[in-house]
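Below: one structure, written as C-alpha cells.
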Amino acid sequence: MAKNIVIVGGGSGGTIVANHLAGELKQQISRGDTKVTLVTDTPNHVYQPSFLYITINQVRLEDYTRSEKSLLKPGVELLIDPAVKIDTAGHTVATAGGKTLPYDILVIATGSYLDPTTIPGLAEAADVFYTAEGAEKLRDKIVNFAGGTILMTVDVPHKCPAAPLELIFILDDFYRHMGIRDKVNLIYTYPIGRLHSLEPVANFAAPEFEKRGINSETFFNVESVDPQKKVVTSLEGSEVPFDVLISIPAHRGAHVVHDSGLGDEDGFIPTNRYTLKADGYDDIYVIGDATALPISKAGSTAHYQADVVTANIISQINGLPPSRFYDGKVACFVEMGLDKATFISFDYNNPPVPLPVSEMIHWFKLSFNEIYWLSQRGLL
Amino acid sequence: MADKVVDARGSYCPGPLMELIKTIRKADMGTTIEVLSSDSGSARDIPEWAKKTGQELVYNEKAQDGEYWKIAVKKVK
C-alpha cells in the first residue's frame, strides 16, 4: 500500500520538504508506492523578507510573489484548500473544502500569524509590515510622511527578530535621502534591557543609534494603546506618544493547530529539538514557525529544519529511526540602512558573532532575495 | 517549586528573557515560572527585568552540573 506523506503549509519549510521528498523519492512516487501531498490555503507564495523593502517603496509585492504550483517539482500533489482539522488518532487531515487526506507521515509547516488583539487598542492604532497587506498600507504612510514621531513596538513571540531593527535603520537612511530626517523623530522600543535579543547585535546597534539620532527605550512591553490620543503605555509604566505606530504584534500558531488540540496555549507545537518530531507522536514532524522551540522564527530556520525532516522521513520510510539531528542553526542578514548590512549565524551551542558591516553583505542579501526561489525548489 | 518550566537552553534569539515575558503575560497571578538558560547573560537580564516590572525573583542559581542557570520568577502583579 502506498505511503501517504502529507505536508500542511506551503511556506518556506513546507515547500522545501515537498520538493526534497519529490527528488529523493522520485522512483517510489512514479511507481505509486509513495504519495507526497502539499496542502495549503493560498495559491500564492510570497517572499516575506520583501515586506521590508515594500515598506519604503523600493520593490513591489508582485515582484516577490510566485504561484506555489510553479515552485513545486513534478511528483508533488498540490491541494489549495485550507486544512481545518488534524485527527491524530485517525491519521487524517480534513480540509475546508470537505476533503479528508489520510497520512502515514505528516509534516506540519503551518507557520504563525499576527494577533494584535492581545493588546487593547493595538489593532486599531498600529500599522504592521509583517504581512503583505500591512506593508503596502504602511508604505503609503511612510512615503507620504512629512514629519512627526514614528514609534516602533515589539511584542513576543514574533518572527524574524532582526526585522524591527533593520526597518528603523532603513527609515533613518530613507528620511535622510528624502531630506526631512530633522523633522522625523524615530523611536525604537524593545521588550528586554538592550536593543536586540542578541547581545552582540545590541552592542553593535547602540553606538549607531547614538550616531544617527535614533531614540530608543528598552524594557518596553506594550500594555495598551490609546488610538484617539495616540499614546502607547508599557507594562513598565512609561507612556510614549506617536504619529505613526509600527507594531510587531505577538504571533500565534495556526488555527488548524489550535483547533486540533496540538499546540500550547499560543498554538505552537511542542517539538523534539533534535529530530523535529512532535512530542508524543511518531508520525508527525513540525518545522518553522509552527514549533514551540525557543529559537528564531525565521525562513532560514525553516530551511535548515526542512533538510533534517526530509532525511528523517526517508529513514522512517526505510524502516530506520530518525537519525538526522537539527543543531539549532539560524542565519540572518541584517540591513543597517539602505546600502550596508551585516550577517549572523548561530546554533544551539554557538552564540552569534556579527560580521563587520559592509556594502558587500547588503548586496549579498539583495542577491538572496532573488535566489530564494531556487532554495524553494530545493536547488540550494 | 516552580509551577511552570520554560526550557530556553540553546536559545539566543529571541532568548530566555523573551520566553519568560511571553509566558508570564499569560500566567495566572501567583504562578512561579522557572527559566532554564544556557546563556550566562540571563542570570543578569532576568533579575533586572523582574525588578523593573515589580515581579518577584524567587531564585537565581547555576544547575548542579554547572552547564546552565535556573532562574525562577513569581508573577505578583
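The values are calculated or read from the model by the stated rules, or taken from the named source; none is laboratory data. Quantities reported herein were computed from a predicted structural model and do not represent experimental measurements. All Cβ positions, glycine included, derive from the backbone under ideal geometry; neighbour counts span all protein chains shown. Just so you know, the surface numbers come from the protein's heavy atoms only, side chains and all, with ligands and any DNA or RNA stripped out. Shrake-Rupley method; radii C 1.70, N 1.55, O 1.52, S 1.80 Å.
Can you pull out the residues in segment A:334-359 that are in a strand (DSSP E or B) and within 22 Å of the chain's Cα centre (by Cα)?
Result: A:V334, A:E335, A:A341, A:T342, A:F343, A:I344, A:S345, A:F346.
Can you tell which of A:R194, A:R139 is touching a residue at least 12 places away in the same chain (Cβ under 8 Å), touching a Ser or Thr at 6+ places or on another chain (Cβ under 9 Å), within 12 Å of another protein chain (Cβ to nearest Cβ) and open to solvent by 10 Å² or more (accessible area, probe 1.4 Å)? It would help to see each step written out before you state the result.
Numbers: A:R139 fails: within 12 Å of another protein chain (Cβ to nearest Cβ).
It is A:R194.
Starting from segment B:11-22, take each residue that is facing chain A (nearest Cβ under 7 Å) and list its partners that are open to solvent by less than 10 Å² (accessible area, probe 1.4 Å) and assigned to a helix (DSSP H, G or I), counting only C-beta distances under 8 angstrom and pairs at least six apart or across chains.
Note: pairs meeting the criteria are B:G15/B:S42; B:L17/B:S42; B:L17/B:I46; B:L17/B:W49; B:I21/B:W49.
Find the residue count for segment A:62-112, including only residues that are aliphatic (A, V, I, L, M), open to solvent by 60 Å² or more (accessible area, probe 1.4 Å) and under 27 Å from A:P322 (Cα atoms).
Number satisfying all stated conditions: 1.
Applying the selection to segment B:26-43, what residues are more than 8 Å from chain A (Cβ to nearest Cβ) and part of a helix (DSSP H, G or I)?
Residues satisfying the conditions are B:S42, B:A43.
Please find, among A:G328, A:G299, the residue that is under 24 Å from A:N369 (Cβ atoms) and either surrounded by 23 or more Cβ atoms within 10 Å (Cβ to Cβ) or in contact with a Phe, Trp or Tyr (Cβ under 7 Å, 6 or more places away or on another chain) (or both).
Answer to the selection: A:G299.
Of the residues that make up segment A:197-217, is at least one within 14 Å of chain B (Cβ to nearest Cβ), open to solvent by 30 Å² or more (accessible area, probe 1.4 Å), touching a residue at least 12 places away in the same chain (Cβ under 8 Å) and not in a helix (DSSP H, G or I)?
For segment A:197-217, residues within 14 Å of chain B (Cβ to nearest Cβ), open to solvent by 30 Å² or more (accessible area, probe 1.4 Å), touching a residue at least 12 places away in the same chain (Cβ under 8 Å) and not in a helix (DSSP H, G or I): present.
Just need a number here: residues in segment B:44-54 that are facing chain A (nearest Cβ under 9 Å), in contact with a Leu (Cβ under 8 Å, 6 or more places away or on another chain), under 24 Å from B:Y68 (Cα atoms) and surrounded by fewer than 21 Cβ atoms within 10 Å (Cβ to Cβ).
Qualifying residue count, segment B:44-54: 0.
Read through the list (1) within 27 Å of A:S50 (Cβ to Cβ); (2) in contact with an Asp or Glu (Cβ under 9 Å, 6 or more places away or on another chain); (3) open to solvent by less than 20 Å² (accessible area, probe 1.4 Å), then give the number of the only condition that A:L338 fails.
Going through the list (1) within 27 Å of A:S50 (Cβ to Cβ); (2) in contact with an Asp or Glu (Cβ under 9 Å, 6 or more places away or on another chain); (3) open to solvent by less than 20 Å² (accessible area, probe 1.4 Å), A:L338 breaks only (3).
Quick one: would you say B:A72 is more than 25 Å from A:P120 (Cα to Cα), more than 12 Å from every other protein chain (Cβ to nearest Cβ) and without any contact (Cβ under 8 Å) to a residue 60 or more places away in the chain?
Considered against the rule, which asks whether it is more than 25 Å from A:P120 (Cα to Cα), more than 12 Å from every other protein chain (Cβ to nearest Cβ) and without any contact (Cβ under 8 Å) to a residue 60 or more places away in the chain, B:A72 comes out as no.
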